[in-house]
Every structure is written in C-alpha cells, then in structure tokens.
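The values are calculated or read from the model by the stated rules, or taken from the named source; none is laboratory data. It should be emphasised that the depicted structure is a prediction, and the values quoted were computed from it without experimental measurement. Every residue, glycine among them, receives a Cβ derived from its backbone with ideal geometry; neighbour counts consider all protein chains shown.
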C-alpha cells in the first residue's frame with residue numbers, strides 16, 4: 001500500500017530504541033518511552049502561503065528527524081506503525 005500525505009503533512013516511521021542499554025541493562029516494554037526519532041517515508045504536496053504559492057519542504061524522503069514524543073496521528077499500514085505530523089511539528093533533521 002502506498003500513501004501520499006496531503007498538504008504539509010509528513011509520514012514518519014518511528015525508530016525504536018534497542019531492548020538493551022549501553023550498560024547491559026534490559027528495559028522491559030512497560031518502562032520504554034515512545035521514540036523521538038524517525039525516518040521520513042513520504043511527504044505531502046506542500047503548504048500554501050497567502051498568495052497560493054507552494055512553500056517547499058525543509059525535509060525530504062529518507063531524512064532522519066527529531067519528532068515530539070507525543071503528538072501527530074498514529075496510523076498502522078501493513079502491520080507497521082507510522083506517525084503523521086505537520087512539518088511545523090518536527091523539531092529538526094538529524095545529521096549523522
């Protein structure tokens with residue numbers, strides 16, 4: 001299934017942390033927090049300014065982004081979980 005977000009929305013696949021931390025501590029599922037990093041899977045058509053001109057996105061498909069822990073809309077596609085955000089809701093692009 002292919003999804004094309006509308007407007008200035010972005011489809012993000014959350015990047016989950018591992019089960020074991022650096023010190024070797026195993027974190028149970030009940031203590032794990034929601035991920036704050038994700039990979040951009042698809043972007044919308046763009047936001048329109050007051051004159052009807054499309055404002056280009058700052059992110060592109062494949063970018064690793066910093067996203068809010070809570071917010072956006074959770075969707076499930078083919079048994080995979082994604083989140084949809086407006087570009088303004090994202091905090092930044094992570095550059096490795």
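The table that follows gives values for the structure above.
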| quantity | calculated |
| --- | --- |
| Members of region 60-96 that are in contact (Cβ under 8 Å) with a residue 40 or more places away in the chain and closer than 14 Å to residue 7 by Cα | 84, 85, 86, 87, 88 |
| For residue 35: the one exception among (1) modelled with pLDDT of 85 or more; (2) surrounded by 10 or more Cβ atoms within 10 Å (Cβ to Cβ); (3) touching a strand residue (DSSP E or B) at 6+ places or on another chain (Cβ under 8 Å) | (1) |
| Test: residue in region 50-69 that is at pLDDT below 90, touching a strand residue (DSSP E or B) at 6+ places or on another chain (Cβ under 6 Å) and closer than 13 Å to residue 10 by Cα | no |
| Positions within region 47-95 being in a loop (DSSP other than H, G, I, E, B) and surrounded by 15 or more Cβ atoms within 10 Å (Cβ to Cβ), in sequence order | 57, 59, 63, 67, 72, 90 |
